[in-house]
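The values are calculated or read from the model by the stated rules, or taken from the named source; none is laboratory data. A quick note: this is a predicted structure, and the numbers were derived from the prediction, not measured. Positions of Cβ are backbone-derived with ideal geometry, glycine not excepted, and every protein chain shown enters the neighbour counts.
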């Protein structure tokens, strides 16, 4: 008779061979990760930003060669670059343009921080004034990209931070980040001022907001954001009462008040100085802006221009500007839906309000909105959610934006014939 077959016991788990001392050897390590995966996320964000902007400079260089023009001159001496360089070289009051009877364009419309930095660089380094301006702008753009990543990654996650930086580098008007303009400087001050505010470094937030206010006319948006953040923090502390100190969180109210008071100092100081120089302390600066055709009329001038745009003009720059402004409004609505922290909402909202409510230079409104990077957070978060499942759609979106940015940037600088 056949005997029943006894089932074999399960095979013991394999263990690493013991070493010379009898202890089990460690498991063999897997292949090392690619070098780009070992980089800090901030370095990845800044590196991608620089790659996109370098591609933009190369594209402009190709356009310059095709039109037999100087690349350095196109980047460093286009439109408002000349005004800033004039202030850097000669100071205020040297350059004026009589546009028509009774209307004089004055260099007092241009804020002082950027020309001061250009003059400092040209004094220290053996470079031309135009090259000094580009060095300041490119350095500021890099610092801005780092600050945007630091802020967004702290509030959300690293993936979102990287994607927001890349999208900011690939906006249609991001060619301005490669020019001798002040938008990179304002964005750098704004990003780090907002980072200081959300991390409770109130004095730094106030100082950086003051520098932002002395960099551009719409720089007071940073001061508004810092003041809003400080007011919210004071309200929270008043509701928490003594429990704040009990939890080991020192009030340091004097630092908070110091930052809030410093924040508007740069913008207010320059406006009052121009007013004093013009003999009208409170209204002199705004008179300078009116001479340039820039005033705040609650959107009446912009609405009139849109009507003309839709019925009479065929210039490509203007419909593109209208489309970008409309997209900015949509992104701001999404920013509110996302329940974004208050300082970022106030900062982006004030920049958008100034762009929508200001009259004159409609074609420049997308440039005025370039520092409003919080508007990109909803798009960055959507792309981050997509890349967690598959990266293909995000790559397509970024590739499309980059191609649009490069081609439209070349058009604006080389063929647009409209002020930036």
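In the stretch 144-159, the qualifying residues are those that are over 11 Å from the mean Cα position of the chain (by Cα) and crowded, with 24+ Cβ neighbours inside 10 Å, and the one that is farthest from residue 264 (Cα to Cα) is 152.
Residues that are outside any helix (DSSP H, G or I) and buried (at least 21 other Cβ atoms within 10 Å of the Cβ) within the stretch 199-213 are absent altogether. For residue 382, the criteria (1) modelled with pLDDT of 90 or more; (2) in contact with a helix residue (DSSP H, G or I) (Cβ under 8 Å, 6 or more places away or on another chain); (3) part of a helix (DSSP H, G or I) hold in every case but one, which is (2). Taking the conditions (1) surrounded by fewer than 22 Cβ atoms within 10 Å (Cβ to Cβ); (2) free of Cβ contacts under 8 Å to residues at least 60 places away in the same chain in turn, residue 318 satisfies each one other than (2).
Based on this model, can you work out whether residue 162 counts as over 22 Å from residue 413 (Cβ atoms) and crowded, with 24+ Cβ neighbours inside 10 Å? Judged against the criteria, residue 162 is a match.
Per the conditions (1) modelled with pLDDT under 95; (2) more than 19 Å from residue 353 (Cβ to Cβ); (3) in a helix (DSSP H, G or I); (4) under 17 Å from the mean Cα position of the chain (by Cα), the sole criterion not satisfied by residue 184 is (1).
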